[in-house]
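These notes concern the structure reproduced below.
The values are calculated or read from the model by the stated rules, or taken from the named source; none is laboratory data. These figures come from a predicted structure and were not determined experimentally. Here the Cβ positions follow ideal geometry from the backbone for every residue, glycine too, while neighbour counts run over all protein chains shown. In case anyone asks, the SASA skips ligands and DNA or RNA and just uses the protein heavy atoms, side chains included. Shrake-Rupley method; radii C 1.70, N 1.55, O 1.52, S 1.80 Å.
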Amino acid sequence: MSPTNRTVVVTGIGATTPLGGDAASTWEGLVAGKSGVRALEQEWAAEQAVRIAAQIAVEPSEIIPRPQARRLDRSAQFALIAAKEAWADAGFTDRAGEGAGEGESPAVDPDRLGAVIASGIGGVTTLLDQYDVMKEKGVRRVSPHTVPMLMPNSPSANVGLLVGARAGVHTPVSACASGAEAIGYAIEMIRTGRADIVVAGGTEAAIHPLPIAAFGNMMAMSKNNENPEGASRPYDTGRDGFVMGEGSGVIVLESAEHAAARGARVYAEAVGQGISADGHDIVQPEPEGRGISAALRNLLAATDLDPAEIVHVNAHATSTPAGDVAELKALRNVFGDDADHMAVSATKSMTGHLLGGAGGVETVATVLALYHRVAPPTINVEELDPEVDADIVRGEARKLPVDGRIAALNDSFGFGGHNVVLAFRSV
């Protein structure tokens, strides 16, 4: 099919996060300013310099049958839970090619359905756990399911199998920008005519001794072990690094024509994406936010987005000294005085940083902010960094304008200098 320029909309949302086992409870926790960060109680945590994390609120074992769970890495379990919720929320109960009978959900053409689920690290817990099994019990005890469990594309492949996708199943891997890049890729799949529906998002499950030790030794994570709930503190002068989280956020994207034809509820329009790379450092962000600025300008050039429409930004804001400020410099550099009316929320202050899953969960939060016209708060900002030149939503949620169409951005950036900005608009 030749390229078109179709309007893309969001028709389903799903999540499992440190704040709740579904999208509704996660949103409730975000609006309430609830922290999902807790002390790690595992035995291995005692010797770690970092002993806090934002662990999942509802364990997959409470949802996924044990025989199925044993064949899935934890990251894939999260993705399946979120995707199943999003698929049902969009009005579907069957795999593509099924249904459309009396009382059933409308049929979906599997050749017009895609899945794009990202993970920044993939099946790291499976890889490390099975290596321990091999060392302790021998090679014959290694699970035969290890390879399909540890593959970075395992979550996407399993979600594709869940819904019956045949238009394409993809797995972008761009560190902490992965989830947002997956959603951007999905938007383009629909816009250019490759698919009518795409299930897209991100997932991560890396709360394990090795990743915790590695990030801790990089001095990238907060060591505020005595105050877990207050450890993730974007924009605060006392911020000392991010807090690792786990979970998944998934949305169902659909062409506006396809959604209208089946009478689907629409949460928001997916306006488009802007992508760039810093070309600066494998870990450190470019301090003036030049790469982020480029992503924002690419977004504006590729869409009909008017900066005057943008009233909300779900910021990447991980609670690192350099990254938080660089992002705000970019917003001010590109939007100038228009940045004054953008209410900025840093939801990682509550969920922790879900790495490759962050863009998925924060897209769910951005879409719901537009749908309910409420911006979640940034918690733990006791003393605002004087370099912050933005309207930070602090302490409690804030109402967004109720009249007219409004737009919001979701920013995601990753190690390697990957920058992705997604834009959504109310309907």
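Do we find that Val420 is touching a Ser or Thr at 6+ places or on another chain (Cβ under 8 Å), of a type in the set (Val, Ile, Thr), at pLDDT 95 or above and under 20 Å from Ser222 (Cβ atoms) in this structure? Taking the combined requirement at face value, the residue does not satisfy it. Ala76 falls short on exactly one of the conditions (1) among the small types (Gly, Ala, Ser); (2) farther than 20 Å from His145 by Cβ; (3) crowded, with 24+ Cβ neighbours inside 10 Å, and that condition is (2).
Listed here are the residues, each with its yes/no results for (1) in contact (Cβ under 8 Å) with a residue 60 or more places away in the chain; (2) among the aromatic types (Phe, Trp, Tyr); (3) touching an Asp or Glu at 6+ places or on another chain (Cβ under 8 Å); (4) surrounded by fewer than 24 Cβ atoms within 10 Å (Cβ to Cβ).
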residue	(1), (2), (3), (4)
Thr363	yes, no, no, no
Asp385	yes, no, yes, yes
Asp389	yes, no, no, yes
Gly395	yes, no, no, yes
Lys399	no, no, no, yes
Val402	no, no, no, yes
Arg405	yes, no, yes, yes
Asp411	yes, no, yes, no
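Counting only helices (runs of 4 or more DSSP H) that sit completely within the stretch 147-221, those holding 1 or more residues that are of a type in the set (Gly, Ala, Ser) and surrounded by 20 or more Cβ atoms within 10 Å (Cβ to Cβ) correspond to 154-163, 178-191. Yes or no: Val266 open to solvent by 10 Å² or more (accessible area, probe 1.4 Å), touching a strand residue (DSSP E or B) at 6+ places or on another chain (Cβ under 9 Å), hydrophobic (A, V, I, L, M, F, W, C) and under 21 Å from Val9 (Cβ atoms)? Yes; evaluated as a whole, the condition is true for this residue. Of all residues in the stretch 1-52, which are part of a helix (DSSP H, G or I) and farther than 30 Å from Arg373 by Cα? If the condition is that a residue be part of a helix (DSSP H, G or I) and farther than 30 Å from Arg373 by Cα, then Glu43, Trp44, Ala45, Ala46, Glu47 are the ones that fit. Where helices (runs of 4 or more DSSP H) sit wholly within the stretch 273-376, those with at least 2 residues that are at pLDDT below 95 occupy 321-335.
Evaluating Ala259 against the criteria (1) assigned to a strand (DSSP E or B); (2) open to solvent by less than 30 Å² (accessible area, probe 1.4 Å) leaves one unmet condition, (1). Taking the stretch 191-240 as the range and being β-branched (Val, Ile, Thr), within 30 Å of Val271 (Cβ to Cβ) and touching a strand residue (DSSP E or B) at 6+ places or on another chain (Cβ under 6 Å) as the test, the residues that pass are Ile197, Val198, Val199, Thr203.
Entry remark, the stretch 386-413: residues being in contact with a Pro (Cβ under 7 Å, 6 or more places away or on another chain) and at positive phi number 1 in total.
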